[in-house]
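No lab work stands behind these numbers, since they all come straight from the coordinates. Remember, predicted model here, so these are calculated numbers, not experimental data. Neighbour counts are summed over all protein chains in view; Cβ atoms, including those assigned to glycine, are modelled from backbone coordinates with ideal geometry.
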Amino acid sequence: MATNDFESREIDPRVPSAARLYHYYLTGEPVFDADKLFAERVFARFSHLDTWAHHNREFLGRAARFMVEQDIRQFLDIGSGLPTGGNTHDIVREFAPGAHVVYVDNDLEAVNRAHDLLLHQHALETTAIVEADLRHPDLILDHTDTRRLIDFDQPVGLLIVSVWPFVPESERPLALMARLRDRLPSGSYAAMTHVSLEDAGTEVQRQIAAAAELYDETSDPVTLRSRAQFSALFDGFELVDPGIVYAPDWRPDLAVDIDHPARPCNFAAVGYTP
Ligand SMILES: C[S@@+](CC[C@H](N)C(=O)[O-])C[C@H]1O[C@@H](n2cnc3c(N)ncnc32)[C@H](O)[C@@H]1O
């Protein structure tokens with residue numbers, strides 16, 4: 001859990017964070033009272049956020065499994081969140097027990113919980129949690145734990161699932177993504193999602209915009225992006241089938257509820273470095 005120059009964000013129980021809120025949407029278990037109170041205000045604006053979160057999490061699982069099937073054996077999961085069901089290392093190691101996974105998050109609650117879980121599972125030889133920020137890709141890539149577990153001469157599975165919404169345009173997300181992409185060897189994959197209201201109906205657009213605006217009160221304000229902006233994050237990658245789709249539609253295991261209001265509000269794709 002060495003931090004390698006990263007400036008740690010203190011845990012503030014009074015100010016909700018993206019990681020803690022997402023955990024609440026997925027599990028119904030608040031970390032702090034403030035998270036629950038805030039989440040209830042979010043639900044009052046967009047009541048389908050829990051389904052949205054499950055769609056997102058399930059995409060992550062399918063994308064990780066897809067990468068294992070493509071013989072990827074080392075994973076960098078940036079913005080990994082509080083560990084819960086369907087953690088990347090649990091998924092990939094079911095198929096490839098020796099696979100290496102480096103988790104990264106800038107939320108100390110997420111980092112502490114992931115560390116406790118990996119310690120408890122005696123998994124720290126092949127997995128790690130790095131406290132770092134997507135806005136500093138070099139600190140992630142050059143971190144001692146990343147270098148210990150990821151061989152950048154071999155293909156890497158990069159997961160940045162629902163994290164770019166917390167990186168505003170002023171931080172130049174395309175340049176950050178290019179920096180990561182340039183370090184990935186040929187044959188690597190990247191899986192990403194991004195909340196969007198581009199394809200939602202007018203009423204849902206209004207609800208999501210209102211819910212996203214509330215995040216200004218958290219430690220992680222939200223930026224909504226268009227399909228074109230999401231697509232640009234994959235510059236230099238070739239998209240694997242079916243390209244950019246809604247998260248639940250990406251290689252689904254089960255029938256998709258095509259009428260669900262949350263369905264069109266999260267773009268998802270997996271790209272490949274030729
Ligand atoms: C919505 S959750 C997604 C968690 C997980 N990727 C998933 O899809 O199930 C977003 C996560 O990204 C993390 N995050 C937000 N901004 C970040 C940044 N700049 N650097 C690293 N992590 C960040 C949050 O702390 C949170 O854990």
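Between Phe95 and Arg172, the distance separating the two model label sites (each 7 Å from Cα on the Cα→Cβ line) works out to 3.6 nm.
Could you tell me the calculated FRET efficiency between Glu213 and Asp33, based on Cβ-Cβ distance and R0 = 30 angstrom, to the nearest 0.05? That pair, Glu213 with Asp33, gives E of 0.85. For the stretch 18-272, the share of DSSP beta bridges that are antiparallel, to the nearest 5, is 40%. Please report the base-10 log of the normalised intensity I(q)/I(0) for the stretch 1-108, using a Debye sum with one equal scatterer per alpha carbon and no solvent, at each q in 0.11, 0.15, 0.17 (1/Å). Each listed q maps to, in turn, -0.42, -0.73, -0.89. Just so you know, the averaged projected area of the alpha carbon convex hull for the stretch 135-225 sits at 7.1 nm². Based on DSSP H segments of at least four residues, each scored -39500 (n - 2.57), the chain has a per-residue ellipticity at 222 nm of -11500 deg cm²/dmol.
Computed from the Cβ-Cβ distance with R0 of 22 Å, the FRET efficiency linking Asp259 to Phe43 stands at 0.65.
Taking the square roots of five times each eigenvalue of the Cα gyration tensor of the chain, the equivalent ellipsoid has semi-axes of 26, 22, 18 Å, listed largest first.
Placing unit charges on the Cβ atoms of the charged side chains and taking the dipole of the chain about its Cα centre, the candidate lying farthest along the positive direction among Leu108, Ala210, Val130 is Ala210.
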